[in-house]
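Report on the structure given below.
Here, each number is a calculation from the coordinates, and none is a lab measurement. Predicted model, so just to flag it, every value in this text is computed and none were measured. Because the Cβ atoms are built from the backbone with ideal geometry, glycine has one as well, and the counts that use them run over all protein chains shown.
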């Protein structure tokens, strides 16, 4: 059903934990029960580090774990431009419309945390 990489990120999420930062946000997906807290270290307009505490389904947890690896080194404005198509392409699996919210939770929450940089 899911690619091996997705299951690996679900079972062993990368970059779990917290950071002492003002760039922090929480997000919930009430339709699935997913919850995430995102912590970003921003330096010179660039994401230096992302940590997260995620309790969710395989899609949500995997997408947030992958996001935590993918956005390191990206400029804040680049991350703000990432969208649904980017996360679906990055996951590289079929996602039903109902599961799109699961896949998007980490990204939307990270973008919410970035708003604190303005």
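Restricting to segment 78-105, and then to whatever is part of a helix (DSSP H, G or I) and within 21 Å of residue 19 (Cβ to Cβ), can you tell me which residue is farthest from the chain's Cα centre (by Cα)?
Only one residue tops the list, namely 78.
Being assigned to a strand (DSSP E or B), in contact (Cβ under 8 Å) with a residue 24 or more places away in the chain and in contact with a helix residue (DSSP H, G or I) (Cβ under 8 Å, 6 or more places away or on another chain): is that true of residue 54 here? For residue 54, the condition - assigned to a strand (DSSP E or B), in contact (Cβ under 8 Å) with a residue 24 or more places away in the chain and in contact with a helix residue (DSSP H, G or I) (Cβ under 8 Å, 6 or more places away or on another chain) - is met. Apart from one condition, residue 92 fits all of (1) crowded, with 18+ Cβ neighbours inside 10 Å; (2) within 19 Å of residue 3 (Cβ to Cβ); the exception is (1).
Checked against (1) farther than 24 Å from residue 97 by Cα; (2) in contact with a strand residue (DSSP E or B) (Cβ under 9 Å, 6 or more places away or on another chain); (3) surrounded by fewer than 14 Cβ atoms within 10 Å (Cβ to Cβ), residue 23 passes all but a single condition, namely (3).
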